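Heads up: the structure comes next, in structure tokens.
The values are calculated or read from the model by the stated rules, or taken from the named source; none is laboratory data. Being a predicted model, the structure only gives us computed values, none of them experimental. Ideal geometry is used to build each Cβ from the backbone, glycine not excepted, and the neighbour counts take in all protein chains shown.
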Amino acid sequence: MPFLDNNFLLSNETARRLYHDYAEPQPILDYHCHLPAKDIAENRRFANLFEIWLEGDHYKWRAMRANGIPEKYITGDASPYDKFLAWARTVPYTLRNPLYQWTHLELQRYFEIDELLDEINAPEIWKRANEVLADLGSHGILEKFQVQVVCTTDDPTDNLQFHRIIAKSNLKTRVFPAFRPDKALAIGTLGFESWIEQLGCAANIEIRNLNGFLDALRKRHDDFHALGCRLSDHGLDHCFATPCSQHECAALFDKARISQSISEEQRAKFVSFMMLFFAQLDSEKGWTKQLHLGALRNVNSAARERIGPDTGYDTVGDFPQIRPLAAYLDLLAQENALPRMILYNVNPADTFSFATLTGCYQEGDQPGKIQYGSAWWFLDQKEGITAQINALSNVGLLSRFIGMVTDSRSFMSYPRHEYFRRVLCDLVGRDVASGELPQDESLLRRLIEDICYRNARHYLQLPG
């Protein structure tokens, strides 16, 4: 079978029909990503292929480091063209890494370039791609890939000015903020005090104590809701559910404000109280809460000192997950504060545990209320996607799954939805071919179309 032809990843006729007839036409509902709202508001035009492709792509940075590329050509001061050439030199060495397929899928879908990128043809590909980019802004990309909804990821201190601009524009894609209050949990760390000041300014509330802190967060939650936000998100090592009264939490807050040290036990209590508070806010407004659990971040302290955080030095963590996550869900259920929730794991060892745990807190008022989220980060490739789908199929209801997200900072990532849809259709097509699923067109069509689009549309209850 030719590389990346029209039937890429589709191993039989049923898989091909399911993808081309039912999956491929579906619009994209990208309910979790890290696209900058500023780039959308300003309809950013990318000056060259580096800006749109390499500017913030940790996946590519890691591969380049593994290939012996000096940091100057990754995050350093080399020219954009020289950084692109360094990536082109790396691409032939990424065989069997999903980056090889993604790279060429993106070249095809954005620029109609079918050549295999390497150091020899890099200058010509640079030229051809840049010619296309001259006429393709961020709005054009969203339209080209039928992106119906984008939900960005935003700190509670964000003034949301770019979301207001987008809301007043003629852009067909609906763009909403998503509430990411991780910095509200960073008690006892450097920068917590300055973040509180930023929060107070954003909410126009003077924060003197815990009550003021909670009022400011509630005000920002309201502000996000007014602009269409219906999702929150937390990136945590693991969940917390240590009992903590408001009186005890207030004392810890005051202690941190006067720069007294906070122990791990005290931090666990503070975070537990705050995570219950955030769940109550989400539940009251009918939001969906996302939990991204298990990443061990910024492990290379020397690199962090030189380059900064979040530059590709993260790994899969081995934190105990299920007991604290179950305790957190149980606490929310007891407090009648369990919102719709999507659970993402980054450690493949947790795949079946997460899939089974979702079944323990389903409620009859909402099909698939607790979702086992799409394969995340290091698992976002064929093997990881397959494992997530298989686990959910075996212990839950795949038919209620709300599907794929890009979870990306790049406008070049929309072929990831295509990649996911092809893997999904191939799995179902293989089951049909082996007699494990019926050759019933109406059943199969509903399954594919629901997972690719309709389930997310109904589940998330986004405005409009």
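Asp223 falls short on exactly one of the conditions (1) part of a helix (DSSP H, G or I); (2) in contact (Cβ under 8 Å) with a residue 60 or more places away in the chain; (3) loosely packed, with under 15 Cβ neighbours inside 10 Å, and that condition is (3). When you look at Gly464, is it at positive phi, touching a strand residue (DSSP E or B) at 6+ places or on another chain (Cβ under 8 Å) and not hydrophobic (A, V, I, L, M, F, W, C), yes or no? In short, yes. Please indicate, with yes or no, whether at least one residue in the stretch 370-385 is surrounded by fewer than 20 Cβ atoms within 10 Å (Cβ to Cβ) and within 11 Å of the chain's Cα centre (by Cα). The answer is yes; a qualifying residue exists. Quick check: anything in the stretch 2-25 in contact with a strand residue (DSSP E or B) (Cβ under 9 Å, 6 or more places away or on another chain) and at pLDDT 95 or above? No. Looking at Val150 and the list (1) within 22 Å of the chain's Cα centre (by Cα); (2) assigned to a loop (DSSP other than H, G, I, E, B), which single condition is not satisfied? Condition (2) is where Val150 drops out. Restricting Thr157, Thr103 to residues that are surrounded by 15 or more Cβ atoms within 10 Å (Cβ to Cβ), outside the structural domain of Pro27 (by TED's automatic domain parsing), at negative phi and of a type in the set (Ser, Thr, Tyr) narrows the list to Thr103.
Consider the stretch 30-49 and keep the residues that are of a type outside the set (Lys, Arg) and over 12 Å from Phe411 (Cα atoms). The one that is surrounded by the fewest Cβ atoms within 10 Å (Cβ to Cβ) is Ala47. Quick check on the stretch 245-274: of everything there that is part of a helix (DSSP H, G or I) and among the polar types (S, T, N, Q), which residue is farthest from the chain's Cα centre (by Cα)? Among those residues, the one meeting the criterion is Gln246. Within the stretch 179-190, at least one residue is among the basic types (Lys, Arg), closer than 30 Å to Ala256 by Cα and surrounded by fewer than 19 Cβ atoms within 10 Å (Cβ to Cβ).
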